[in-house]
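**Student:** One structure, as structure tokens, below. Some questions next.
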Amino acid sequence: MSSMRSAALSLPILLAASATAGAADPEFGEIVIDTDFFVEQPVLFGSLTDGEQHVVLAGRDDDHQQRLAIYRIDPHGGHEARSVLSLSPGTNLIAYDVGRLGNRDALFFIEPGRILRYDLAAGKLVEFADIRTIYGQNRAGEIVPLNFFRDVNQDDRDDLVVPDTAGYRVRLQDPDGNLGDETLLQDSSSMTVSGGIVSFESRPLFSGDMNADGLADLAVWRGNTLRVYPQLPGSRLQGQPQVVPLELDLLSEAEIHALQTNRGTVGRSGTVEKLIWSIEDLNNDRLPDILTESIFNDGVFDKRNEFRLHLGRRDGNRVAYREKEDALLASEGLQYGLISTDIDGDGKKDILVRKVQLTFGRVIRALLSGNVALQLHFFRMSDNDDYAEPANYIAKTTVRFSVSSGQVDIPAIKVADFGGDGLQDLMMQSGPDRLSIYPGVPGDSLFAREMFEMDIKLPRNGDLVAAEDINNDSRADLIIRYSAADGSELAHTVRLLLARPSDGSAP
């Protein structure tokens, strides 16, 4: 049987010597959930019954059987978690998600040919919708969370979005909480045949008002074009795409496939690979903007890349993009893991990008020392809708690894609003079991130089630390999972750190 340990106390917060006098210490209430299986999947949250908040965990037990469990936590600041469901999902259940229909959350599952909803009150699965998907057979491996219930048309209502071999199948939710008719987004998936193996890929979906009618449309990127699916009145979509050419010198789909399979006439050395990194509204004008990434391959240990911003501009009743970038983020090293988020609360997306140096000498020194220097560069979007260099804020940390064991220790790094003041804070791992929090500040500085430090048991893989507002109080909370590298006992454990007002009162 699983057990739940809770701590109705603030975690120890150490005020750094450089902190501003009178600054309020961040406080967190801790809930520790001990399960009887290895928690291997990201944690999902939802209010699956009225007035209650739930945590959904999944993984495998000691016999490698898949497990899924639901725990109830107090959304009003309590410190108790209670098991309400534990099951071994059959191989017919392929994936799961928590979605919101009307004013209630629900736990959904995909199985071949249909969507099921778990009725928590009745303790059983009930059929929700018939649908064709790419998942046409029972699974042979893990059950995984897939984000198939999500808001794709920017109306704050979750929609049903599932990939199929013919393209995405989408049902938009209407204001009454009902799902509309299914639309097949034609040409939104691609098929490749390699070595006798047929595979299908669905491009990421993007949204924005592409035709100046006030409705958010959907789009996918295909080679040097966008395929746009206009939203129609009545929570409907047009299935036949409108093709928007992009004069951005992007690789074609054939070139991308040749690079991925190391075949064809496209060689790596001395080439430039230019791809779309993301399409989203960065400057808060309801028009989707494009970030491209150019990778320069000058040798095995000599790679660098650049990110370019191309703002979406209205050209009659469509969106157009200029060939010349509106901002350039260049680096002598390799930039990766770019994240866009509004740090300073002005409605525009700022950028965090990680940076490492990949030269032959640095690689040799890293192998000898067992660590790699990692820089975090933060760029604030200016009033002119661009990103100026150098970065507005730079932080440094280290990735450690063992050549003998292959273990890589990745520091935890998160940007989120832990204080509920509308400004996002920088949380960085500063020791094996210590986090430093740099408060967000308005303006170009982005973060304060002073910090607060917090002692907490951390995983060796910092990517297992997530930040999310669990209890809807406008303050980000921390979710900490562990892996086998942290020991069997911790791999069964999930820690929830709920941010609280600085006076220690319940939310």
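**Student:** What pairs come out if I take residues in the stretch 86-104 that are without any contact (Cβ under 8 Å) to a residue 40 or more places away in the chain and pair them with residues that are aromatic (Phe, Trp, Tyr) and open to solvent by 40 Å² or more (accessible area, probe 1.4 Å) whose C-beta lies under 6 Å away, six or more apart or interchain?
**Tutor:** Within 6 Å, no pair qualifies.
**Student:** Of the residues that sit in the stretch 103-124 and are among the hydrophobic types (A, V, I, L, M, F, W, C) and surrounded by fewer than 20 Cβ atoms within 10 Å (Cβ to Cβ), which one is modelled with the highest pLDDT?
**Tutor:** This residue is Leu116.
**Student:** What's the total number of residues in the stretch 158-181 that are crowded, with 22+ Cβ neighbours inside 10 Å and farther than 19 Å from Leu107 by Cα?
**Tutor:** Going through the stretch 158-181 one residue at a time, the tally reaches 2.
**Student:** On to the next question. How do the strands (runs of 3 or more DSSP E) wholly within the stretch 241-301 filter down when requiring 1 or more residues that are at pLDDT below 85, open to solvent by less than 60 Å² (accessible area, probe 1.4 Å) and in contact with a Lys or Arg (Cβ under 7 Å, 6 or more places away or on another chain): which remain?
**Tutor:** The qualifying strands (runs of 3 or more DSSP E) are 289-297.
**Student:** Give the residue that is surrounded by the most Cβ atoms within 10 Å (Cβ to Cβ), with candidates limited to residues of the stretch 48-62 that are part of a loop (DSSP other than H, G, I, E, B) and in contact (Cβ under 8 Å) with a residue 40 or more places away in the chain.
**Tutor:** Taking the candidates together, the pick is Leu48.
**Student:** So, in the stretch 183-205, how many residues would count as being open to solvent by 80 Å² or more (accessible area, probe 1.4 Å) and within 30 Å of Arg236 (Cβ to Cβ)?
**Tutor:** Number of matching residues: 3.
**Student:** On to the next question. State all residues of the stretch 76-98 that are in a loop (DSSP other than H, G, I, E, B) and buried (at least 18 other Cβ atoms within 10 Å of the Cβ); if no residue qualifies, say none. So that I can check it myself, show each step before the final result.
**Tutor:** Keep residues of the stretch 76-98 that are in a loop (DSSP other than H, G, I, E, B), which gives 76-80, 88-94.
Residues satisfying the conditions are His79, Pro89, Leu93, Ile94.
**Student:** If you don't mind, there's one more thing I want to ask. Condition first: at pLDDT 95 or above and either under 15 Å from Leu101 (Cβ atoms) or in contact with a Phe, Trp or Tyr (Cβ under 8 Å, 6 or more places away or on another chain) (or both). Now tell me which residues in the stretch 180-195 satisfy that.
**Tutor:** Residues satisfying the conditions are Thr183, Leu184, Leu185.
**Student:** So, one more: Got a number for residues in the stretch 125-151 being aliphatic (A, V, I, L, M) and either at pLDDT 95 or above or part of a strand (DSSP E or B) (or both)? First the steps, then the outcome.
**Tutor:** Filtering the stretch 125-151 down to residues aliphatic (A, V, I, L, M) leaves 125-126, 129, 131, 134, 140, 143-144, 146.
Then drop every residue that is not either at pLDDT 95 or above or part of a strand (DSSP E or B) (or both), which leaves 125-126, 129, 143-144, 146.
Result for the stretch 125-151: 6.
The values are calculated or read from the model by the stated rules, or taken from the named source; none is laboratory data. Computed from a prediction, not measured in an experiment: that's the story for all the values here. Methodologically, a virtual Cβ is constructed for each residue, glycine included, from the backbone with ideal geometry; neighbour enumeration extends over all protein chains shown. Areas reflect the complete protein model, heavy atoms only, side chains present, ligands, DNA and RNA absent. Shrake-Rupley method; radii C 1.70, N 1.55, O 1.52, S 1.80 Å.
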